[in-house]
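Student: One structure follows; several queries about it will come next.
What follows is calculated from the coordinates using simple rules that are stated; it is not laboratory data. Note that the coordinates shown come from a computational prediction; the quantities given were computed from them, not determined experimentally. Note that each Cβ is placed from the backbone with ideal geometry, even for glycine, and that neighbours are counted across all protein chains shown.
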Amino acid sequence: MKFLHQLNLIIRSFIYGLYIPLSAFCYCIICLLAWPLPLRYRYSLILAWNKAAIWMLKVVCRIDYTIEGLENIPKDGTGIVLSKHQSSWETFLLPLFFHQTAIILKRELLWVPFFGWGLATIDPIAINRNDHSSAMEQVITKGKKCLEDGRWILIFPEGTRIPYGQVGKYRIGGARLAVATGYPVIPVAHNAGRFWPRRTFIKQPGTIRVIIGPVIPTQGRTAEDVIAQTKNWIEDTIVKIASDS
């Protein structure tokens, strides 16, 4: 029975593993054709793919999710979302709840054929990480414009996917952007890495739990203070999620 269960997981993960690149390729072509359209239409195409990817994950790999704290998202403003990063899954989900999310990413990702080109159509904040002196300036300049245009900004302060149960080094860039612009921070905690671990082919069935935290004000504060509060809330909440499981 254990062998059959493992085989079942492998087959399901294989099917989903085929679906993601094939569907992404098709959507990237559509997004490229839609490039002349306003951002809201291009972004809607990406959201449709995100929703399909999450739905397929539920149907094929039996991974569902619950989300708490939606009432903490301001209805009349935007801000900077600082989220735990354990999996690819949260990059699909979070843009569904934060208006026209601008993701901060490495400039090199936009050079990846088809995938990167499609990503470029939703106008992310692409930075040159090799040029550390200007990277933060790039983030603040474009980030401020995105916020003023009514877009949310999504940042993973740990910089890379961290294995479930571990804590990465929280980088201060997102907090600096928040302090420089005066916009608030919204922290997000989840346990997606428990079911879709990084660099792991097999996905485990279950229900991912996502919690959106209360607004963290940034005006008149230091970036160090803001990132410390953000980290404490996220990591304390993840411990709570684990203890409730």
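Student: Which aspartates and glutamates, on any chain, are close to Lys144 with Cα under 16 Å apart, when same-chain ones fewer than 8 places away are left out?
Tutor: Asp123
Student: Could you give the nm distance between label points at Leu47 and Lys75, where each point is 7 Å from its Cα heading toward the beta carbon?
Tutor: 1.7 nm
Student: Give me the Kirkwood hydrodynamic radius of region 136-245 in Å, from all C-alpha pairs, to one decimal place?
Tutor: Hydrodynamic radius (Kirkwood, Cα pairs) of region 136-245 is 15.1 Å.
Student: What is the gain in length, in nm to one decimal, between Trp111 and Lys240 on full extension, counting 0.36 nm per residue of separation less the C-alpha to C-alpha distance?
Tutor: Separation in residues times 0.36 nm, less the Cα-Cα distance, equals 42.5 nm.
Student: Straight-line reach from Lys203: which aspartates and glutamates have a Cα under 20 Å away, not including same-chain ones fewer than 8 places off?
Tutor: Asp64, Glu90
Student: To make sure I understand the rule: partners must be lysines, Cα under 20 Å from the Cα of Lys231, and not fewer than 8 residues away in the same chain. Which ones qualify?
Tutor: Within the straight-line limit of under 20 Å, Lys231 reaches these lysines: Lys84, Lys169, Lys240.
Student: If you line up the Cα atoms of region 39-155 on their principal axes, what length do they span on each, largest first, in Å?
Tutor: Principal extents (Cα only, largest first): 44, 37, 29 Å.
Student: Which semi-axis lengths, in whole Å and largest first, follow from the square roots of five times the eigenvalues of the Cα gyration tensor of region 171-230?
Tutor: Square roots of five times the eigenvalues give 31, 12, 7 Å.
Student: Here's something else I'd like to know. How do 110-118, 149-157 rank on mean C-beta neighbours within 10 Å, highest first?
Tutor: For the peptides 110-118, 149-157, the packing ranking is 149-157, 110-118.
Student: Compute log10 of I(q)/I(0) for the chain with the Debye formula, placing one identical point scatterer on every Cα and leaving out solvent, at q = 0.15, 0.18 Å⁻¹, to two decimals.
Tutor: The calculated log intensity ratios at q = 0.15, 0.18 Å⁻¹ are -1.11, -1.54.
Student: If I take R0 = 22 Å and measure r between the Cβ atoms of Glu68 and Gln166 in this structure, what FRET efficiency does the formula 1/(1 + (r/R0)^6) give, to the nearest 0.05?
Tutor: 0.45
Student: Among 227-239, 175-187, 14-26, how do they line up by average Cβ neighbours within 10 Å per residue, starting with the highest?
Tutor: Going from most to least packed, we get 175-187, 227-239, 14-26.
Student: Same structure, new question: Treat every Asp and Glu Cβ in the chain as -1 and every Lys and Arg Cβ as +1, leave all other atoms uncharged, and give the resulting dipole magnitude about the Cα centre to the nearest 20 debye.
Tutor: 620 debye
Student: Per DSSP H run of at least 4 residues, take -39500 (n - 2.57); add these up for the chain, divide by its residues and hand me the 222 nm value, nearest 500 deg cm²/dmol.
Tutor: Helices in the chain give a 222 nm mean residue ellipticity of -15500 deg cm²/dmol.
Student: Which whole DSSP H helices in the chain pass both tests: a Cα extent of 18 Å or more along the axis and a mean Kyte-Doolittle value no lower than 1.0?
Tutor: Correct list, ordered by number: 2-33.
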